[in-house]
Amino acid sequence: SAKEHQRRLYDVSLATMIISLGLAHSLGLGDNEAARLVLCALTHDIGEMYINPAYLDDDHQLQPAEWIHVAAHPCVGHAFIREFTDFPGSVAECVLQHHERVDGSGYPFRLAGEQISPFSTLIGLADTVAAIIMRSDGNSNVIGERVAMALHIVPGEFPRAAVASINHLLEALNG
């Protein structure tokens with residue numbers, strides 16, 4: 001239902017924010033940059049509010065025409081941020097690019113490398129890790145293994161230093 005989707009969107013945004021804060025600290029970002037990264041994390045999926053909730057149901061098999069709507073959510077979110085907020089342009093850019101990947105495999109524009117803002121790659125990584133965590137059973141050892149495996153399978157999606165920071169944070173959590 002729409003209500004369940006909104007709750008999941010909220011939970012993933014909070015998890016993305018917490019992971020982003022860990023990344024900001026681990027990578028030595030200053031307070032202003034960390035605050036901007038948090039704002040990016042909290043708003044990165046705002047465009048999903050305009051997607052049919054049925055399309056986002058884990059049990060729903062997306063059809064190509066439905067995928068187009070889902071893949072447009074970064075563009076919709078970007079337009080929303082620019083039109084209805086006074087957030088910095090870098091936040092709108094991050095919302096637009098959070099599904100782009102360093103290796104060019106992302107969407108909506110298949111940007112690669114330095115075409116993607118550094119904050120966008122961090123939010124993309126944090127969002128990916130948050131999604132894995134939110135789909136797990138709560139066992140921190142299993143979560144760490146799942147995250148490490150997911151980041152290892154496609155090694156060029158995210159910056160190496162950020163992936164190393166995530167792996168270090170997970171190791172610290174597991175003692």
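The values are calculated or read from the model by the stated rules, or taken from the named source; none is laboratory data. On a predicted model such as this, the values are computed, not experimentally measured, just so you know. Using ideal geometry, Cβ is built from the backbone for each residue, glycine included, and neighbour counts are taken over all protein chains shown. Surface areas here come from the heavy atoms of the whole protein model, side chains and all, with no ligands, DNA or RNA. Shrake-Rupley method; radii C 1.70, N 1.55, O 1.52, S 1.80 Å.
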Considering the chain, which cysteines have no disulfide-compatible partner, defined as another cysteine with its Cβ under 4.7 Å away?
Cys75
Determine the per residue accessible area of the chain with all protein chains present and a 1.4 angstrom probe, expressed in square angstrom.
55 Å²
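Starting from the Cα-Cα distance between Asp57 and Asp86, subtract it from 0.36 nm times their residue separation and give me the gain in nm to one decimal. Please list the in-between numbers first.
Numbers: separation 29, 0.36 × 29 = 10.44 nm, distance 3.16 nm.
Working it through step by step, the gained length comes to 7.3 nm.
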May I ask you to evaluate 6.51 cos²θ - 1.76 cosθ + 1.60, the Karplus curve with θ = phi - 60°, for each residue of the range 108-122 and list the ³J(HN,Hα) values in order in whole Hz, giving x for glycine and proline?
x, 10, 6, 5, 9, x, 6, 5, 9, 5, x, 5, 5, 5, 5
Please report, as a whole percent, how much of the solvent-accessible surface of the range 1-152 comes from carbon and sulfur atoms (probe radius 1.4 Å).
56 percent
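Work out how much length Arg110 to Glu66 would gain on full extension: take 0.36 nm times their residue separation and subtract the Cα-Cα distance, in nm to one decimal.
Here the segment from Arg110 to Glu66 would lengthen by 13.9 nm.
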Do the sum for the chain: with -39,500 (n - 2.57) for every DSSP H run of n ≥ 4, divided by all residues, what is the mean residue ellipticity at 222 nm, to the nearest 500 deg cm²/dmol?
-20500 deg cm²/dmol
Net charge (Lys, Arg +1; Asp, Glu -1) of residues whose beta-carbon lies under 14 Å from that of Ser117, Ser117 excluded, is -2
Quick one: 3J(HN,Hα) in Hz for the range 71-79, Karplus 6.51/-1.76/1.60 with θ = phi - 60°, rounded, Gly and Pro as x.
5, 7, 4, x, 5, 5, x, 4, 4
Placing +1 on the Cβ of each Lys and Arg and -1 on the Cβ of each Asp and Glu in the range 24-175, which of Ile68, Ala150, Phe84 has its Cα farthest towards the positive end of the resulting dipole?
Ala150
Counting only C-alpha contacts under 8 Å and six or more residues apart, can you give the relative contact order of the range 1-127 as a whole percent?
25 percent
Label Arg7 and Arg160 with points 7 Å out from Cα along Cα→Cβ: what is the distance between them in nm?
4.3 nm
What FRET efficiency comes out for the pair Ile153/Ala35, r = Cβ-Cβ distance, R0 = 30 Å, nearest 0.05?
0.40
What are the ³J(HN,Hα) values, in whole Hz, obtained from phi via the Karplus relation 6.51 cos²θ - 1.76 cosθ + 1.60 with θ = phi - 60°, for each residue of the range 89-96 in sequence order, with x given for Gly and Pro?
x, 5, 6, 4, 4, 5, 4, 5
